[in-house]
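Note sheet for the following structure.
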Amino acid sequence: MINITTLLFLEFLKIGIFAIGGGYATIPFLFHLIDKYHWFWPKDLTNMIALSNMTPGPVGINMATYVGFTTGGLKGSLMATLGIITGPFIITLFVIFFINKYKQSQALKNILEGVKPAACALISVVLIQLVRDNLFIDAKFNPNAVIILVVLFFIFKYTKKFPSLIILAGGILGIISYIFQN
Amino acid sequence: MKPSLFEIFKLYFIIGLQLIGGGYVIYPLLKKYLIEDKNLLTEDELTDYLAISQCLPGIIALNVSIFSGYKLRKIKGAIIAVLGLLLPAFLIILLLANIILTYQENQIVKYFMFGVRLSIIVLITSMLYDIFKKIINSKFSIFIFLLILFASLYANISPTFLVIITIVISFLKGVNND
């Protein structure tokens, strides 16, 4: 039986290697962890994405730290963070030694050409799940959520460059909807 | 003159503190601190690092830091650069995680987070829209997109396995074309 910190390290090692294409690419992998281990809920994960967007540091790493902490405490957060950086670290060093060969590798270009749309598809599935989880409460349509979402899309048009602003706006609208309900 | 390990740590720590938003934010930060202030890299080198990092697994900001850290002081430089870059994020997340876990049952906090989650839908939609325009541009990319979309929606296969399948298909397609 492996303990939870080792498991965290191994799972995040895998994510570090296979989540190609930036921080958001890690999200589908994290959702899969929910199905597999029930360490946290989809809601926690979405909170985590928000938090990572508002704080310094790469989103993928922040999420590793947060998931690690909520599942395995300080030790867990260290192991998850180490796990997600180990693979890329080794691969990048490897590339430094073989940099010229790598730059011209057609095989690698072909692979990336396929992996990027795949990452795109995986993130789309997450988006579908997020819409389902947040716009419906117990299979019933939540009108407040729809109104907030429309307003947020409108605000976003003008604040594109500042993701933290839109997250803050979301939070404030959430509180306003609470005041209206009571 | 080569910078000391402590200096490398300090530089990347300061950069790590300011690294909010996508991975590409690392570029202007490295440019300011390493090139303009200290003249430790050339701009061509930095552009190269960014281009290669985009094609590597892992987080772009991290890969660029490994490249540039390695340039400064070989393996030791790379390790120190990564530690410096990630330490601020690590500490801040630990602090916030504690706060969130303490207050998550509070009604106001609950509704705040309800709105926050909706804003994440907006952010992910916009991000997807942007990369969609850039990468879904050939029959092959549409094929892979739909294949993985339906496999993931209806078969509940792990993303790792789906990425491996994609790598195999793309590789074979490349071989076939040559």
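Specify the residue that is farthest from the other protein chains (Cβ to nearest Cβ); the eligible residues are those in the stretch A:146-158 that are more than 21 Å from the chain's Cα centre (by Cα) and under 16 Å from residue B:123 (Cα atoms).
Once the filter is applied, the top-ranked residue is A:158.
In this structure, is residue A:49 more than 10 Å from chain B (Cβ to nearest Cβ) and free of Cβ contacts under 8 Å to residues at least 24 places away in the same chain?
Judged against the criteria, residue A:49 is not a match.
Go through the stretch B:80-99 residue by residue and tally those that are more than 7 Å from chain A (Cβ to nearest Cβ) and either within 17 Å of the chain's Cα centre (by Cα) or at pLDDT below 90 (or both).
7
What's the total number of residues in the stretch B:139-163 that are surrounded by fewer than 12 Cβ atoms within 10 Å (Cβ to Cβ) and facing another protein chain (nearest Cβ under 8 Å)?
1
Of everything in the stretch B:102-125, what is in contact with a Lys or Arg (Cβ under 8 Å, 6 or more places away or on another chain) and outside any helix (DSSP H, G or I)? Give them in sequence order.
Selection gives B:104 alone.
Only one of B:99, B:148 is assigned to a helix (DSSP H, G or I) and touching a helix residue (DSSP H, G or I) at 6+ places or on another chain (Cβ under 8 Å); which?
None of the other options fit; the residue is B:148.
What residue, among those in the stretch B:156-178 that are over 25 Å from the mean Cα position of the chain (by Cα) and not in a helix (DSSP H, G or I), is nearest to residue A:24 (Cα to Cα)?
Applying the filter and picking the extreme gives B:156.
A quick yes/no check of all residues on (1) open to solvent by less than 50 Å² (accessible area, probe 1.4 Å); (2) charged (D, E, K, R):
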{"residue": "B:36", "(1), (2)": "no, yes"}
{"residue": "B:39", "(1), (2)": "no, no"}
{"residue": "B:43", "(1), (2)": "no, yes"}
{"residue": "B:52", "(1), (2)": "yes, no"}
{"residue": "B:55", "(1), (2)": "yes, no"}
{"residue": "B:65", "(1), (2)": "yes, no"}
{"residue": "B:69", "(1), (2)": "yes, no"}
{"residue": "B:83", "(1), (2)": "no, no"}
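With respect to residue B:123, is the statement that it is at the interface with chain A (Cβ under 7 Å from one of its Cβ atoms), modelled with pLDDT under 90 and under 30 Å from residue A:135 (Cα atoms) true?
For residue B:123, the condition - at the interface with chain A (Cβ under 7 Å from one of its Cβ atoms), modelled with pLDDT under 90 and under 30 Å from residue A:135 (Cα atoms) - is met.
Can you tell me which residues in the stretch B:115-155 are within 19 Å of the chain's Cα centre (by Cα) and of a type in the set (Gly, Ala, Ser)?
B:126
Find the residue count for the stretch B:108-120, including only residues that are of a type outside the set (A, V, I, L, M), over 15 Å from residue A:166 (Cα atoms) and facing chain A (nearest Cβ under 7 Å).
Going through the stretch B:108-120 one residue at a time, the tally reaches 1.
Spot the failing condition for residue A:57; the list is (1) at the interface with chain B (Cβ under 8 Å from one of its Cβ atoms); (2) in contact (Cβ under 8 Å) with a residue 40 or more places away in the chain, and only one is missed.
The number of the failed condition is (2).
List the number of the failed condition for residue B:11; all other conditions in (1) facing chain A (nearest Cβ under 9 Å); (2) touching a residue at least 24 places away in the same chain (Cβ under 8 Å); (3) over 30 Å from residue A:108 (Cα atoms); (4) not hydroxyl-bearing (Ser, Thr, Tyr) hold.
For residue B:11, the exception is condition (1).
Return the residues of the stretch A:118-145 that are over 17 Å from the mean Cα position of the chain (by Cα), surrounded by 14 or more Cβ atoms within 10 Å (Cβ to Cβ) and without any contact (Cβ under 8 Å) to a residue 24 or more places away in the chain; say none if nothing qualifies.
A:135, A:142, A:145
The values are calculated or read from the model by the stated rules, or taken from the named source; none is laboratory data. Just so we're clear, the structure is a prediction, and the values are computed from it rather than from any experiment. Every residue, glycine among them, receives a Cβ derived from its backbone with ideal geometry; neighbour counts consider all protein chains shown. The protein model used for the area step is the full one, side chains on, heavy atoms only, and it has no ligands, DNA or RNA in it. Shrake-Rupley method; radii C 1.70, N 1.55, O 1.52, S 1.80 Å.
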